[in-house]
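Worksheet: one structure, shown below.
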Amino acid sequence: MEKKFQIDKKILIILLSIFGLLVLFLVIYFFFVPRFQLNSFSSKIEVPYAQEFAFQAGDVCYGTFFHCEKVEAKEEGTVDTSKLGSYKVTYVFEYQSKVLLKEQEVLVVDNEKPVISIEGEEPLTYCANGNGYGYKVVATDNYDGDLSDKVVSKIENEKIIFEVVDSSGNKSILEKNGILKDEEKPVITLNGESNVFVPLNGTYEEKNASAYDNCDGDLTSGITVEGSVDTTKTGEYILTYKVLDSNNNEASVTRNVYVYQASDYPSLEGKNIYLTFDDGPSAYTSKLLDVLKKYNVKATFFVTDQNLTRGYDDVLKRAYDEGHTIGLHTSSHNYGYIYSSVDAYFNDLYAIQNKVKKITGFAPMIVRFPGGSSNTISRSADGGTRIMSQLTKAIQAKGFRYFDWNVDSNDAGGAKNAAQVASNVINSLGNKSTYVVLQHDIKEYSVDAVETIIQFGLSHGYTFQALKMDSPRVEHTVNN
Ligand code: ZN
């Protein structure tokens with residue numbers, strides 16, 4: 001046992017000696033041998049995208065533990081921080097004749113998150129299907145630029161959470177208060193005209209419609225059409241296009257199809273329509289003037305001074321200024337008075353003429369008898385004097401010109417809506433050169449028929465005219 005211990009002891013001494021020598025060499029090297037010492041030098045650094053690059057040589061010196069002199073580096077290589085990626089640069093440390101080359105990897109990186117912003121008021125609205133609407137999402141990134149298209153959103157607990165990731169993986173999240181709201185109807189757009197005119201026994205071509213919904217997008221395939229057109233019967237047909245969105249909001253749009261008597265067509269040249277409006281002005285006359293203006297159509301207004309037409313002097317002036325003919329109907333519109341005597345008639349006529357002159361500066365000479373020259377009401381007021389026979393002569397003797405009509409819209413009779421008024425007029429038109437149409441602009445539905453009448457007239461070669469003193473005579477047969 002003792003012997004063995006002695007052998008082990010010898011080996012131990014040798015091992016300890018070797019170890020001691022090693023330590024001695026290391027100590028000498030560490031403390032006394034001059035060399036380059038890299039106190040701080042990174043072999044890999046990161047530089048933010050688009051920022052100016054500065055070399056980072058760190059702290060390098062040459063010398064011993066006791067004395068080490070700082071060594072400046074010569075920097076070689078370029079880094080383009082406008083492009084993401086890895087670059088290599090080299091530092092050359094030189095101390096007297098000693099040289100140390102160190103490479104450094106420079107990573108140009110994008111660490112900046114995109115910025116999401118919402119143009120719209122909170123709470124933001126979203127549909128039952130999760131699509132948001134009524135606001136705009138904008139996302140921009142320092143490196144990728146516009147990322148608006150890349151924003152995804154989800155809805156959680158009445159919040160809309162927007163998320164976008166840039167090409168370097170930087171993620172931004174934005175949370176906004178939201179509210180489920182899907183009350184907007186789809187919008188149906190008709191293909192083709194909303195007023196279609198088909199000659200009797202002609203062909204009606206259904207052009208259908210398209211539908212778009214703020215929540216559901218294209219709903220064209222869900223449109224249903226109610227109604228039908230019988231081209232073998234004149235009249236007005238209404239087609240109703242309906243569509244529902246996913247929240248059961250219903251939209252509907254109608255198309256009016258007029259099947260008209262076509263026997264008088266094709267047309268001759270020089271067909272004129274004189275639209276005339278009695279009994280106004282009224283609350284609807286401005287709307288009428290707007291339609292006439294839209295189609296650059298001139299018309300004739302046989303005006304009155306009844307209570308219901310008071311307060312529209314500016315409208316009358318506008319009609320005059322826009323080139324329409326202002327004619328005289330009656331001041332009072334009181335048949336019992338007007339047709340009681342020739343004097344009474346002219347008292348009433350001059351009263352309305354004076355009023356028009358006051359408003360427009362012009363004294364009209366164009367007249368329409370209340371009830372027309374063929375009216376029979378005058379019989380019960382004139383005491384058997386056959387006053388219409390007298391008036392039709394007297395009025396021309398005084399230089400006036402009266403006009404009756406040869407197309408009755410029947411807006412004071414059986415026609416009770418715009419479609420009936422339009423149908424009555426359209427079905428009365430043929431290939432004559434002069435059509436004087438009777439309407440009343442104190443009836444809103446009659447005013448509402450005018451656009452259809454104009455569309456028909458213009459698309460069938462008619463010219464719309466205002467009555468003038470020398471316009472063709474359209475006069476009824478006196479009937480008293
Ligand atoms: Zn009248």
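FYI, it's all coordinate maths here, none of it is from the lab. Please read these numbers as outputs of a predicted model, since none were measured by experiment. Neighbour counts are summed over all protein chains in view; Cβ atoms, including those assigned to glycine, are modelled from backbone coordinates with ideal geometry.
Of note:
- Close amide H pairs (under 5 Å, H built 1.01 Å from N) link D441 with D278, G280, residues at least 5 positions away or on another chain.
- Histogram of C-alpha separations across the chain, 10 Å bin width, %: 4, 13, 14, 11, 10, 9, 8, 6, 5, 5, 4, 4, 3, 2, 1, 1, 0, 0
- Pairs of Cα atoms nearer than 8 Å and 6+ residues apart set the relative contact order; for the chain it is 10 percent.
- Angstrom value of the Kirkwood radius, inverse mean 1/r, which spans all Cα pairs in segment 354-480: 16.3 Å
- The chain: angle of helix 2-32 to the longest principal axis, Cα-based, in degrees nearest 10: 60 degrees
- Among the GluC sites (Glu not before Pro) in segment 80-182, those placed in a DSSP loop whose Cβ has at most 14 other Cβ atoms within 10 Å are E121, E158.
- Amide H contacts of L275 (H built 1.01 Å from N, in plane; Pro and chain starts excluded): T300, V437, Q465 sit under 5 Å, all sequence-distant by 5 or more or on other chains.
- Flagged links, alpha-carbon separation over 24 Å, of K287/K317; K154/K181; K233/K298; K355/K443; K294/K468; K398/K468: K233/K298
- Phi to ³J(HN,Hα) by Karplus 6.51 cos²θ - 1.76 cosθ + 1.60 over segment 65-74, Hz, x for Gly, Pro: 4, 8, 8, 10, 9, 4, 10, 7, 9, 8
- Helix 342-360 axis, angle to the chain major axis (alpha carbon atoms, nearest 10°): 20 degrees
- Segment 34-109 - percent relative contact order, Cα under 8 Å, separation 6 or more: 33 percent
- Integer Hz, Karplus 6.51/-1.76/1.60 couplings in order for segment 138-146, x for Gly and Pro: 10, 10, 10, 10, 4, 9, 7, x, 6
- Near N410: Cβ cut-off under 14 Å, other residues only, Lys/Arg at +1 and Asp/Glu at -1. The net charge is -2.
- Residue exposure proxy: L147, L174, ordered by other Cβ atoms within 10 angstrom of their Cβ from fewest to most, comes out as L174, L147.
- Note on K102: lysines with a C-alpha under 27 Å away, same-chain residues under 8 apart excluded, are K44, K70, K74, K83, K88.
- For the chain, DSSP calls about 65 percent of its internal beta bridges antiparallel.
- Rounded tilt (10° steps) of 444-459 against the dominant C-alpha axis of the chain: 80 degrees
- Taking amide H as placed 1.01 Å from N in the peptide plane, the amide H of G132 sits under 5 Å from that of C127, each at least 5 places away or on another chain.
- Proximal aspartates and glutamates relative to K293, as straight alpha-carbon distance under 13 Å, when same-chain residues fewer than 8 apart are discounted: D321, E322, E451
- Restricting segment 263-372 to chymotrypsin sites (Phe, Trp or Tyr not before Pro) in coil, as DSSP defines it, with at most 12 other Cβ within 10 Å: F362
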